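Contents: one structure, followed by commentary.
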Amino acid sequence: MKRGIISRLAANKTLLLMIAPAAAYFFLFSYIPMAGVILAFKQFNYKLGIFDSPWVGFDNFRFFFMTGDAWRVTLNTFGYNASFIIVNNVLEIVIAILLAELGSKWFRKLAQTTLLLPYFLSWVVVGAIAYNLFNYEHGLINTMLASVGLDRLDIYTTPEYWKYILVAVSAWKAVGYGAVFYMAAIMNVDKESYDAAEIDGANLFQRIYHITLPAIRPTVTILVLLAIGGIFRGDFGLFYQLVGGNGLLYQATDVIDTYAYRSLMIDNEIGMSAAIGFYQSVLCFVTILAANYLVRRTDKSNALF
Amino acid sequence: MNAAARKKMHADRLLLNVVGYLLVGLVALACLIPLIVVISGSLTSETHILEDGFRFWPKAFDTSAYAFALKEPATLLRSYGLTISLTAVGTLAGLFISAMAAYVLQRQDFHWRSGFAFYFYFTTLFGGGLVPWYILMVNYLHLKNTYGALLLPPMLSVFYILILRTFMRSIPEAITESAKIDGAGDFTVFVRLILPLSKPGLATIGLFTALNYWNDWFNSLLFIESSSEKLYTLQYLLYRSLGNLEGVRRIMEVTGLNVGPLPGENLKMALAIIATGPIVLLYPFVQRYFVQGLTIGAVKG
């Protein structure tokens, strides 16, 4: 029996009311801004508002792409995120496997607690830590170099160092958190298959290679896929709190997000910033669909949707 | 098993243990040392820092930075109060709204279930970017320099709703059905039965949300102008002090003569510790829920 929409609404009244606050929240803060992408094609005027500001076609995009900044920040965003994905996941997997094999329970617990600690710190605090370590006059690294008679490193004015510092800090903050997922996957491995391998004479490394690694493959796929979906989305906290307004380093450290932020808040180039945001959203959308398509083709059950 | 095989087993176990304890130990140390260096810096006198720089361990313990920060505690207390209030109100509201949505999304008899699921999920795939959202917050909702600008953005996350949905799926449907036969409405079932049974999931998502509130500085950066000192959260106060210590010293209303240089570098480190303190103290107790929650099929919603 087909029911009318009215009676269906009435029957689901409570459930609809219960989901309404969340639905309204995302309508307001996600869907309305989606419509706001038209700002990318306008010269925004605070007095006129979004809808009455004049159209300027692709001028905002032209400006962004003509300066050459577009290519630089896109490449930086991609390069950093690719490095983060590789370095972080390899470290997470190695640590998870080692932790699972180590016998000492208190060591495992202590290590996990310590490894997770950086995840709980805010990026501002991480910025303070970086300042403590890398500062020219009083930084720990320079203090140590000076104490053994070596030259101080001018870290905050040398872009080259930051490629490595940012990758290291990203790993430092994320590895404990990421390893939790891999450890969970390893815990789910059937213990009997380990015993069987042992009886068959496989050594520890063969066991890891033939049993543990295949067992965590679905987890690797999903985590890497999720990360690849965001490969054009820079981690604003990391880049902003470590580099901030230090223009000397922008060449090496500027990502799409920091560039868009400065265009909006410092340079007041609202139209251009909107264009950058739109460009980034499209890049991300295409990437996540492509990544998902590739995974679907090899193994449907590991795809996101 | 012959003797040779047993010996081989022994060798590989030994190698793995050496590599394992060494590597994991080193990475764990690397996670801990930066924090120790900050604590050490906060407990060193400004004179010593200017002379010798930051060190692993203070040459002489000195609490002048903390004394300075706490001499006129009004600013710090206000920041603490604001941060605690945002974290408490935002987490409770966010949890309740998320749990309701998650519950409805996993109800098999809810007609628009997949439609709503897509409606939520799509926002994680495509967004309008920073600018339209910023203009909406500032020009249309008039949230600049308001409590709301700090309260609303971190409140809900689609991923958290989906994790809660996964969690609630493990609650047997028979519970809901039998309660409904007894005449209980959907909301009553949710509050009386589902919420108590979802405690572990709620604890995890509550922790995530609370951490997001406590550590938030981005919304302050966007929406709180330097003149609105009353709306400085702890992280934002720390952020401002790292960039502009004079300004923060001024709003801490500290006047009067000090012997030796005013706390500066050590004050920055002390503020970092003061802003992080509660998290590090609570962390060992909540870590269990955190790890537990991450492993209940958290990745795939």
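Summary of computed values
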item	result
The range A:122-134 - residue that is more than 7 Å from every other protein chain (Cβ to nearest Cβ) and open to solvent by less than 10 Å² (accessible area, probe 1.4 Å) and, of those, farthest from B:TRP217 (Cα to Cα)	A:ALA130
Residues being modelled with pLDDT under 85 and either open to solvent by less than 30 Å² (accessible area, probe 1.4 Å) or outside any loop (DSSP other than H, G, I, E, B) (or both) - total across the range A:230-247	2
Subset of the range B:120-145 [within 7 Å of another protein chain (Cβ to nearest Cβ) and closer than 30 Å to A:LEU9 by Cα]	B:PHE120, B:THR123, B:LEU125, B:PHE126, B:GLY127
Qualifying residue in the range A:89-102 (condition: among the small types (Gly, Ala, Ser), open to solvent by less than 60 Å² (accessible area, probe 1.4 Å) and under 30 Å from A:LEU204 (Cβ atoms))	yes
Exclusive hit being within 11 Å of another protein chain (Cβ to nearest Cβ), more than 26 Å from B:GLY25 (Cα to Cα), open to solvent by 30 Å² or more (accessible area, probe 1.4 Å) and at pLDDT below 90, set A:TYR31, A:TYR46	A:TYR46
Pairs where the first residue, in the range B:185-206, is within 12 Å of chain A (Cβ to nearest Cβ) and the second is not β-branched (Val, Ile, Thr), C-beta under 6 Å, 6+ apart	B:ASP186/A:LEU15; B:VAL189/B:ALA179; B:PHE190/B:TYR103; B:ILE194/B:TYR103; B:THR204/B:TYR289; B:THR204/B:GLY293
Residue in the range B:136-146 that is within 17 Å of A:LYS47 (Cα to Cα) and of a type in the set (Phe, Trp, Tyr) present	yes
Checklist (1) in contact (Cβ under 8 Å) with a residue 60 or more places away in the chain; (2) more than 14 Å from chain B (Cβ to nearest Cβ) applied to A:GLN112, failing item	(2)
Residue within the range A:251-265 that is at pLDDT below 90, open to solvent by less than 20 Å² (accessible area, probe 1.4 Å), aliphatic (A, V, I, L, M) and at negative phi present	yes
Listing of helices (runs of 4 or more DSSP H) fully contained in the range B:89-166 that carry 3 or more residues being open to solvent by 40 Å² or more (accessible area, probe 1.4 Å) and either among the hydrophobic types (A, V, I, L, M, F, W, C) or at pLDDT 95 or above (or both)	B:113-125
Flag if A:LYS191 is basic (Lys, Arg), touching a Leu at 6+ places or on another chain (Cβ under 9 Å) and more than 26 Å from A:ALA290 (Cβ to Cβ)	no
The range B:41-70 - residue that is aromatic (Phe, Trp, Tyr) and not in a helix (DSSP H, G or I) and, of those, nearest to the other protein chains (Cβ to nearest Cβ)	B:PHE54
Set B:GLY94, B:GLY81, B:GLY90: member being of a type outside the set (Ser, Thr, Tyr) and either facing chain A (nearest Cβ under 10 Å) or over 22 Å from the mean Cα position of the chain (by Cα) (or both)	B:GLY94
Given (1) open to solvent by 80 Å² or more (accessible area, probe 1.4 Å); (2) more than 14 Å from every other protein chain (Cβ to nearest Cβ); (3) farther than 18 Å from A:GLY271 by Cα, number of the condition A:THR74 does not satisfy	(1)
Residue match in the range A:165-188 (condition: out of contact with any strand residue (DSSP E or B) (no Cβ under 8 Å at 6 or more places or on another chain), more than 12 Å from chain B (Cβ to nearest Cβ), in a helix (DSSP H, G or I) and of a type in the set (D, E, K, R))	no
Residue that is most open to solvent (accessible area, probe 1.4 Å) [pool: residues in the range B:217-226 that are in contact (Cβ under 8 Å) with a residue 24 or more places away in the chain and under 18 Å from B:THR75 (Cα atoms)]	B:GLU225
Test: A:ILE141 is open to solvent by less than 40 Å² (accessible area, probe 1.4 Å) and under 24 Å from B:HIS48 (Cβ atoms)	no
Some residue of the range A:143-150 being among the polar types (S, T, N, Q) and facing another protein chain (nearest Cβ under 10 Å)	yes
A:TYR261 being closer than 21 Å to A:ILE228 by Cα and facing chain B (nearest Cβ under 10 Å)	no
Residue list for the range B:66-77, restricted to those being out of contact with any Leu (no Cβ under 9 Å at 6 or more places or on another chain) and surrounded by 14 or more Cβ atoms within 10 Å (Cβ to Cβ)	B:GLU72
Cβ-Cβ under 8 Å pairs, at least 6 apart or on other chains, the range A:89-102 side closer than 14 Å to B:ARG13 by Cβ, far side open to solvent by 40 Å² or more (accessible area, probe 1.4 Å)	A:LEU98/B:VAL19; A:LEU98/B:LEU23; A:ALA100/A:MET187; A:LEU102/A:ARG108; A:LEU102/B:ASN17; A:LEU102/B:TYR21
Criterion (aromatic (Phe, Trp, Tyr), open to solvent by 30 Å² or more (accessible area, probe 1.4 Å), over 21 Å from A:PHE64 (Cα atoms) and in contact (Cβ under 8 Å) with a residue 12 or more places away in the chain) met by exactly one of A:TYR194, A:TYR182, A:TYR156	A:TYR156
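Here is a yes/no grid of residues against (1) within 10 Å of another protein chain (Cβ to nearest Cβ); (2) under 30 Å from A:ILE165 (Cβ atoms):
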| position | (1), (2) |
| --- | --- |
| A:PHE205 | yes, no |
| A:VAL224 | no, yes |
| A:TYR240 | yes, yes |
| A:GLY245 | yes, yes |
| A:THR253 | no, yes |
| A:THR298 | no, no |
| A:LEU304 | yes, no |
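The values are calculated or read from the model by the stated rules, or taken from the named source; none is laboratory data. Here the structure is a predicted model, which means the values were calculated and not measured. All Cβ positions, glycine included, derive from the backbone under ideal geometry; neighbour counts span all protein chains shown. Protein only, heavy atoms only, side chains kept; ligands, DNA and RNA dropped before computing areas. Shrake-Rupley method; radii C 1.70, N 1.55, O 1.52, S 1.80 Å.
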